[in-house]
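Here is the structure we will look at, set down as structure tokens.
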Amino acid sequence: MSGVLARVLYGLVLLAVLGLAAWISFSRFVLGKSHQVPDLTGRTVEDAAALAAERGLRVEVDRGQDAFDEKIPARRIRGQSPGPLEAVKAGQVVRVSLSLGPRTARAPDLTGLTPRTAALTLVKEGLVEGVVSAARLPGPTGIASQGIAPGTTVAPDVPVDVLVNRGAPDLAWVMPDLIGRDFERVRLAFELRGFRIGGVKAQAYEGASAGTILRQFPLAGYPVTLRDSLSFVVAAPEPSPS
């Protein structure tokens, strides 16, 4: 009987010891020393890991939370969980997200585009149209140059100035004095050179041979281009004597 009682007492003592050990372990886990999470914002992952390790913490990067940030440089920490100054136990993992840096845009090549197409292209790339200047230059029409070189990385919504080529300037000549000359010879000479003859009006003029140029437009000394239309007043044939 005494042997049975001894074994029972031994069992109770063993259970008490195990229970005490479990309670001590649990108490140490729950009531163990806590650490404040440091503020890792703006640090590199390497610096953050070293700082966290000093407090018994570990750092893990959550790439799925990376995002553009106007204030935090690229590849530096922009967010963390748990947050700064939160109390945690040793061994806690601090998950961090990184900055992709400020959002940027790349200037497109606008060469040869119409002003409207260029403006739409800039909006599509996150930029805006700046000052639009125009000039007549040799070469194809459309955008001839732009204020920001194609491929340049800039901040969003930056205005891009453009120069539009309206085409080569018209060649101009000085209108000669044709008064008194034969209209048919003048007409042939001008038409062979690409000029257009517009209105021709006959007017009686005493002493002038029929077809003689009396007035001209443009006037002598004025510039004239191939776009202009030349007009003349010529002497009408004298009426036949009755």
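The values are calculated or read from the model by the stated rules, or taken from the named source; none is laboratory data. Please read all numbers here as calculations on a predicted model, not as lab measurements. In this analysis, Cβ positions are derived from the backbone assuming ideal geometry, glycine residues included, and neighbour counts consider all displayed protein chains.
Structure notes:
- Test for Val224: is it assigned by TED's automatic domain parsing to the domain that holds Ala119 and surrounded by 15 or more Cβ atoms within 10 Å (Cβ to Cβ): no
- Here Arg187 fits the description: within 30 Å of Pro169 (Cβ to Cβ), modelled with pLDDT of 90 or more, in contact with a strand residue (DSSP E or B) (Cβ under 6 Å, 6 or more places away or on another chain) and not in a strand (DSSP E or B).
- Subset of the stretch 83-109 [modelled with pLDDT of 95 or more, surrounded by 14 or more Cβ atoms within 10 Å (Cβ to Cβ) and not in a strand (DSSP E or B)]: Ala107, Pro108
- One residue alone among Gly112, Gly139, Gly130 is surrounded by 13 or more Cβ atoms within 10 Å (Cβ to Cβ), in contact with a strand residue (DSSP E or B) (Cβ under 7 Å, 6 or more places away or on another chain) and either free of Cβ contacts under 8 Å to residues at least 24 places away in the same chain or part of a loop (DSSP other than H, G, I, E, B) (or both), and that residue is Gly112.
- Against the test of being within 30 Å of Arg116 (Cβ to Cβ) and either of a type in the set (Phe, Trp, Tyr) or touching a residue at least 12 places away in the same chain (Cβ under 8 Å) (or both), the options Leu230, Leu163, Leu219 yield a single qualifying residue, Leu163.
- The set of residues in the stretch 189-199 that are surrounded by 14 or more Cβ atoms within 10 Å (Cβ to Cβ) and either free of Cβ contacts under 8 Å to residues at least 40 places away in the same chain or small (Gly, Ala, Ser) (or both) comprises Phe195, Ile197.
- Taking the stretch 115-124 as the range and being surrounded by 14 or more Cβ atoms within 10 Å (Cβ to Cβ) and either assigned to a loop (DSSP other than H, G, I, E, B) or not small (Gly, Ala, Ser) (or both) as the test, the residues that pass are Pro115, Thr121, Leu122.
- Output for the stretch 44-82, where each listed residue is crowded, with 18+ Cβ neighbours inside 10 Å and in a strand (DSSP E or B): Val59, Ile77, Arg78, Gly79, Gln80
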